[in-house]
Amino acid sequence: MEKKSIQTANAPAAIGPYSQAVRAGDLLFVSGQIPLDAKSGEQIRTGIADETKKVLDNLKAIIEAAGGSMANVVKTTIFLKDMGSFSVVNEIYGTYFPQPFPARATVEVARLPRDVNVEIDAIAKLS
């Protein structure tokens, strides 16, 4: 099976030796996204709601660059610095995905890249 790197200027460039996403057959594996602005590279630090929206906008841009949409997402993982933020993140998350919602895991972690509060990765099935 051939694998292909997916890159878009509409999401932050990878900050390490990884791809924004990799397509393998009809599956798309999107690397964890953090609240970085794609154009400026600046981190969004205006609260968990804005940070979550930026993370999901970045995921959406990468999925769209691969020819998909948020409806194609079958699995996500949410990494939170503080599980106390879960209800806010969950409410915003629900507005980005149509039903049936993707399968999901949510975990609280001690630390995330650049000390952000939220990171989300995704797996999508493309046609």
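The values are calculated or read from the model by the stated rules, or taken from the named source; none is laboratory data. Owing to the predicted nature of the structure, the values given are computational and were not obtained by experimental measurement. Methodologically, a virtual Cβ is constructed for each residue, glycine included, from the backbone with ideal geometry; neighbour enumeration extends over all protein chains shown.
Taking the criterion of being at pLDDT 95 or above and either assigned to a loop (DSSP other than H, G, I, E, B) or among the charged types (D, E, K, R) (or both), the residues of region 2-11 that qualify are K3, K4, Q7, T8, A9, N10, A11. Taken over region 68-125, residues that are more than 16 Å from K54 (Cβ to Cβ), in a loop (DSSP other than H, G, I, E, B) and touching a Lys or Arg at 6+ places or on another chain (Cβ under 7 Å) amount to 2.
Residue count for region 72-115 satisfying the condition of being over 26 Å from L126 (Cα atoms), surrounded by 13 or more Cβ atoms within 10 Å (Cβ to Cβ) and among the charged types (D, E, K, R): 2. All conditions in (1) more than 20 Å from E108 (Cα to Cα); (2) surrounded by fewer than 20 Cβ atoms within 10 Å (Cβ to Cβ) hold for A21, with the sole exception of (2). When we screen G67, G25, G32, G41 for residues that are at pLDDT below 95 and under 26 Å from Q7 (Cβ atoms), the only hit is G41.
For (1) farther than 26 Å from G94 by Cβ; (2) in a loop (DSSP other than H, G, I, E, B); (3) touching a residue at least 60 places away in the same chain (Cβ under 8 Å), each residue gets a yes or a no:
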site	(1), (2), (3)
A13	yes, yes, no
P17	yes, yes, no
R23	yes, no, yes
R45	no, yes, no
D50	no, no, no
V55	no, no, yes
L59	no, no, yes
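For region 39-82: of the residues being polar (S, T, N, Q) and over 14 Å from the mean Cα position of the chain (by Cα), which is farthest from A11 (Cα to Cα)? Give the derivation first.
From region 39-82, those polar (S, T, N, Q) are 40, 43, 46, 52, 58, 69, 72, 76-77; that's our starting set.
Now narrow it down to the ones that are over 14 Å from the mean Cα position of the chain (by Cα): 40, 43, 46.
Details: S40: 11, Q43: 12, T46: 19 Å.
The qualifying residue farthest from A11 (Cα to Cα) is T46.
The set of residues in region 25-38 that are more than 12 Å from the chain's Cα centre (by Cα) and assigned to a loop (DSSP other than H, G, I, E, B) comprises G25, D26, D37, A38.
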